[in-house]
Amino acid sequence: LGYVMLMRDITQTRRVAEEQIESERLNALTLLPAGLAHEIGNPLNSLSLNMQMLEEDLASPQAVSGQKKLLTITRSEISRLERLVSDFLSYARPRPMRLRTVPAADLLERAREVVAREFALRGAIFEVADESPGAAVRVDDEQLQQLLINLLQNALAASEGTGRPPRVVLRSRREGPRVLLEVEDNGAGIPDEIRERIFELFFSTRKGGSGLGLAIAERVVRAHGGELSFESELGKGSTFRVALPLAVAQPGATT
């Protein structure tokens, strides 16, 4: 009886802690307007200056190279604004989920099709490993596909600039009643001092990053009854892991 009561206390404490965390995350939404205004303000100022300079250059036929450079910068800043607004809307107004049972292998293949060309152009080694044959999950496959694409792009960025060829692995595997979708990179790893901040709103270590990507990813995974976690080792790389409940197995599934 004492053991049962202890387990109930632990379960209740854990539930209260989870509710408190969710409450804090919802309260953090009040930071979005100020943070969004700050993030949008910088690229908008840059766009305004660049467009002004471009107008001046257009009056000079000798400034072809300068025009091209300014146009490149302008397109980059516009793309950044588009990503920021898209990420903000995804976080602030998530759409209702449309659930269906999908083989884990299908999620891997669709994500591979989207990013394979980008990885090849950037000289990255990209591997896909389905180690959960037949396993399926009940998910909004559009949301999960976008989540995996975002994690893959983060992994590619993390793998570059280390002095060795970038390498990213997208993997699925079975773990008891769960399916694990993993994105592994061979980047520099995540320093200890920022690991607790990885899922914070507007926190990003990437130049031009919105700081919303992983916050959105965590929300999507939790909405599916899953868990998003990561492991990282300095100098060797990181693995982000999406754990989802196993759905009804497809024909030919193994246990």
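The values are calculated or read from the model by the stated rules, or taken from the named source; none is laboratory data. Just so it is clear, the structure is predicted and the values come from calculations on it, not from any experiment. Using ideal geometry, Cβ is built from the backbone for each residue, glycine included, and neighbour counts are taken over all protein chains shown. Side chains included, ligands, DNA and RNA excluded: accessible areas come from the protein's heavy atoms. Shrake-Rupley method; radii C 1.70, N 1.55, O 1.52, S 1.80 Å.
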Yes or no: the range 148-164 includes at least one residue that is among the hydroxyl-bearing types (Ser, Thr, Tyr) and closer than 20 Å to Glu218 by Cα. no
Exactly one of Glu127, Glu142 is within 21 Å of Ala217 (Cα to Cα) and not aliphatic (A, V, I, L, M), and that residue is Glu142
Val137 under 17 Å from Glu231 (Cα atoms), open to solvent by less than 60 Å² (accessible area, probe 1.4 Å) and at pLDDT 95 or above: no
Of the candidates Ala120, Ala129, the one satisfying the condition of being free of Cβ contacts under 8 Å to residues at least 60 places away in the same chain, surrounded by fewer than 18 Cβ atoms within 10 Å (Cβ to Cβ), under 21 Å from Leu228 (Cα atoms) and of a type in the set (Gly, Ala, Ser) is Ala129
If a residue has to be more than 14 Å from Asn150 (Cβ to Cβ), modelled with pLDDT under 90 and assigned to a helix (DSSP H, G or I) to count, how many in the range 86-129 make the cut? 3
Return yes when Val169 is closer than 18 Å to Gly235 by Cβ and at pLDDT 95 or above and no when it is not. yes
